[in-house]
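The block underneath contains the structure these notes are about, expressed in structure tokens.
The values are calculated or read from the model by the stated rules, or taken from the named source; none is laboratory data. Predicted, not measured: the structure shown is a model, and the values here were computed from it. In this analysis, Cβ positions are derived from the backbone assuming ideal geometry, glycine residues included, and neighbour counts consider all displayed protein chains. Each accessible area value is taken on the protein alone, full model and side chains, heavy atoms only, with ligands, DNA and RNA left out. Shrake-Rupley method; radii C 1.70, N 1.55, O 1.52, S 1.80 Å.
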Amino acid sequence: MPAVPPKPNDAPRTYSYLGPSGTFTEAALAQVPEAAGQTWRSVNNVGEALDDVVSGHSVAAMIAIENSVEGGVSATQDALASIPNLRIIGEYLVKVQFALVARPGIELEDVHVVNAHPVAYAQCRNWLEANLPTHGHIPSTSNVASALNLFDSDLADAAIAPARIVEHHELQILADNIGDNQNAVTRFVLVSRSTALPAPTGADKTSIIAELPDDRSGALLELLEQFSTRGVNLSLLQSRPIGDALGRYRFVIDADGHVLDERVADALLGLRRFSPNLIFLGSYPRADHAPVEYVDRYDDEVFIEARDWLRGLVSGEPDA
């Protein structure tokens, strides 16, 4: 379970999330047992959510970091690279299911203009073209804002939004599960200032951000070899520009395993010697609870035996 620092005198804890009510981020926060019955603070963007954590206004913030269709969330990855002393303490998966919603009294045949966030609109394009072939599109700033805009303006007849929006606002669902990809999932992470590591479970993930030392042939290969030679699988490898010069990149990396696993620890030691700026974002249980698979020669006992062997050579112990 996530290691969230306690508040004094059992005062309510505040958790920040991208709001308002009805968002996929709120659905992710609802999966956190420690957040139940606590104060949930709705914010407008990732930066505001992390600022709440840094300032101590919130004990943790739920933010999206990866989507199975769109890939990594660059705003989140860049923020984690630039704001120090943050740790990921848990991850949560939310299935991305969109619905076409409207004000009461509107029927599907009445829909001529749809309000939708551009990403949501793109993920529902096939359904829209099949069922509303002559519709128009008004872009929105977020999935929930697209639905709320129906109350502020009559420019759009319906909106694409999470289905749970009808639990919070007087809206009706005209069509549910309209996304083109039925397997779309968004991965969220709970971010805190806590440095306490969740205990290894055997189904863990370690997140880091590493910079290449310089722009030269083979530099990325050397970075990746720190993991491959220790039998550590990578489930995410995404480049982001550092921004100080062309050709300068940092890499957002998710490695299978826990920092207390010998193979992962050894890989991070090698990476620390290689990368000038290495950010450890945390080790935490995988949301899917899938056990980490690795070859037996990379088991903890193998690393421990190798260290003991070297220690014996250095101390002059006789061979066994």
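Quick rundown of the values:
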read-out: Residue list for segment 91-109, filter: of a type in the set (A, V, I, L, M, F, W, C) and open to solvent by 20 Å² or more (accessible area, probe 1.4 Å); value: Leu93, Ile106, Leu108
read-out: Cross-chain or 6+ apart pairs with Cβ under 7 Å, segment 289-303 first and more than 15 Å from Asn233 (Cα to Cα), then among the hydrophobic types (A, V, I, L, M, F, W, C) and modelled with pLDDT of 95 or more; value: His289/Ala203
read-out: Count of segment 286-320 residues which are open to solvent by less than 70 Å² (accessible area, probe 1.4 Å) and of a type outside the set (A, V, I, L, M); value: 7
read-out: Residue count, segment 19-69 (criterion: open to solvent by 40 Å² or more (accessible area, probe 1.4 Å) and under 13 Å from the mean Cα position of the chain (by Cα)); value: 2
read-out: Counted residues, segment 180-193 - those being surrounded by 20 or more Cβ atoms within 10 Å (Cβ to Cβ) and among the small types (Gly, Ala, Ser); value: 1
read-out: Qualifying residue in segment 280-298 (condition: closer than 18 Å to Ala210 by Cβ, at pLDDT below 95 and among the aromatic types (Phe, Trp, Tyr)); value: no
read-out: Residue satisfying all of: in segment 171-187; assigned to a strand (DSSP E or B) and of a type outside the set (A, V, I, L, M); nearest to the chain's Cα centre (by Cα) among these; value: Arg187
read-out: Qualifying residues in segment 70-90 (those that are touching a helix residue (DSSP H, G or I) at 6+ places or on another chain (Cβ under 9 Å) and small (Gly, Ala, Ser)) - the one most open to solvent (accessible area, probe 1.4 Å); value: Ala75
read-out: Pairs where the first residue, in segment 110-134, is open to solvent by 40 Å² or more (accessible area, probe 1.4 Å) and the second is acidic (Asp, Glu), C-beta under 8 Å, 6+ apart; value: Asp110/Asp157; His112/Asp157; Val119/Glu70; Arg125/Asp180; Asn126/Asp180; Trp127/Asp180
read-out: Some residue of segment 217-232 being at positive phi and either part of a helix (DSSP H, G or I) or open to solvent by less than 70 Å² (accessible area, probe 1.4 Å) (or both); value: yes
read-out: Qualifying positions in segment 19-61 - part of a strand (DSSP E or B), touching an Asp or Glu at 6+ places or on another chain (Cβ under 8 Å) and touching a residue at least 40 places away in the same chain (Cβ under 8 Å); value: Ala61
